[in-house]
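Novice: Pasting in a structure now, in structure tokens, and then I'll have a few things to ask.
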Amino acid sequence: MNFRSRPTPQVFGFQIAPMVDVLLVLLVFFIVTWNFALSENELDVKIPSASKAKPTEQYVGQVVVNVKTDGTIVFNRKALSAAELEAKLTELAKLYPDQAVILRADENAKYEYVVDVLDICRSSNIWNIAFATAKQE
């Protein structure tokens, strides 16, 4: 009989496999959320449809101004007043003179609200404006 106890081997450091698993899960999570963050769409703004509408590619730095049915202006997921929007667009035009703005107006919004945003863009020296439309089905 052997009554000597054998020493248990000591493992120094940490296991790398669980750490890699956690990092891969985080990477997938951030890639998916970044992709959704690219779309600056207000879900309660129903844009009008057009027969010749083309799907646009979204890119980082894209500026989208949403106009809701009641005339609320939403920029960068925040409701802004006309003065606040003008200040932000003026600052943006100084930094990037050819910056494009995509205007997403609800199909039931008054034309007056759209013209107000166009006036704000013009006074902010934004000249490149696109109107968002959906593809007719």
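The values are calculated or read from the model by the stated rules, or taken from the named source; none is laboratory data. From a predicted model like this one, the values you see are computed outputs, not experimental measurements. Quick reminder, even Gly has a Cβ in these numbers, built from the backbone with ideal geometry, and neighbours come from all protein chains shown.
Novice: Please go through segment 60-71 and give me each residue that is assigned to a loop (DSSP other than H, G, I, E, B) and either crowded, with 18+ Cβ neighbours inside 10 Å or among the polar types (S, T, N, Q) (or both), ordered by number.
Specialist: If the condition is that a residue be assigned to a loop (DSSP other than H, G, I, E, B) and either crowded, with 18+ Cβ neighbours inside 10 Å or among the polar types (S, T, N, Q) (or both), then Gln62, Lys68, Thr69 are the ones that fit.
Novice: Of the residues Ala37, Ala53, only one is of a type outside the set (D, E, K, R), at pLDDT below 85 and either in contact with a strand residue (DSSP E or B) (Cβ under 6 Å, 6 or more places away or on another chain) or part of a loop (DSSP other than H, G, I, E, B) (or both); which?
Specialist: Working: Ala37 fails: either in contact with a strand residue (DSSP E or B) (Cβ under 6 Å, 6 or more places away or on another chain) or part of a loop (DSSP other than H, G, I, E, B) (or both).
Criteria check complete, one pass: Ala53.
Novice: If you don't mind, another one. Take the conditions in contact with a Phe, Trp or Tyr (Cβ under 9 Å, 6 or more places away or on another chain) and over 25 Å from Glu57 (Cα atoms) and apply them to Glu112. Does it pass?
Specialist: no
Novice: Pull up segment 103-137, narrow it to residues that are within 16 Å of Leu80 (Cβ to Cβ) and part of a strand (DSSP E or B), then point me to the one that is farthest from the chain's Cα centre (by Cα).
Specialist: Within segment 103-137, the match that is farthest from the chain's Cα centre (by Cα) is Ala105.
Novice: Looking at segment 80-128, which of the residues that are touching an Asp or Glu at 6+ places or on another chain (Cβ under 7 Å) and more than 27 Å from Pro55 (Cα to Cα) is surrounded by the most Cβ atoms within 10 Å (Cβ to Cβ)?
Specialist: Step by step, filter segment 80-128, then rank; the result is Ser124.
Novice: May I ask you to verify whether Val74 is modelled with pLDDT of 90 or more, of a type in the set (Val, Ile, Thr) and assigned to a strand (DSSP E or B)?
Specialist: Yes.
Novice: While we're on this one: For segment 77-102, name all the residues that are out of contact with any Leu (no Cβ under 8 Å at 6 or more places or on another chain) and in a loop (DSSP other than H, G, I, E, B).
Specialist: Arg77, Ser81, Tyr96, Pro97, Asp98
Novice: Continuing with the same structure: Can you find a residue that is under 26 Å from Trp34 (Cα atoms) and either among the polar types (S, T, N, Q) or in contact (Cβ under 8 Å) with a residue 12 or more places away in the chain (or both) anywhere in segment 78-86?
Specialist: yes
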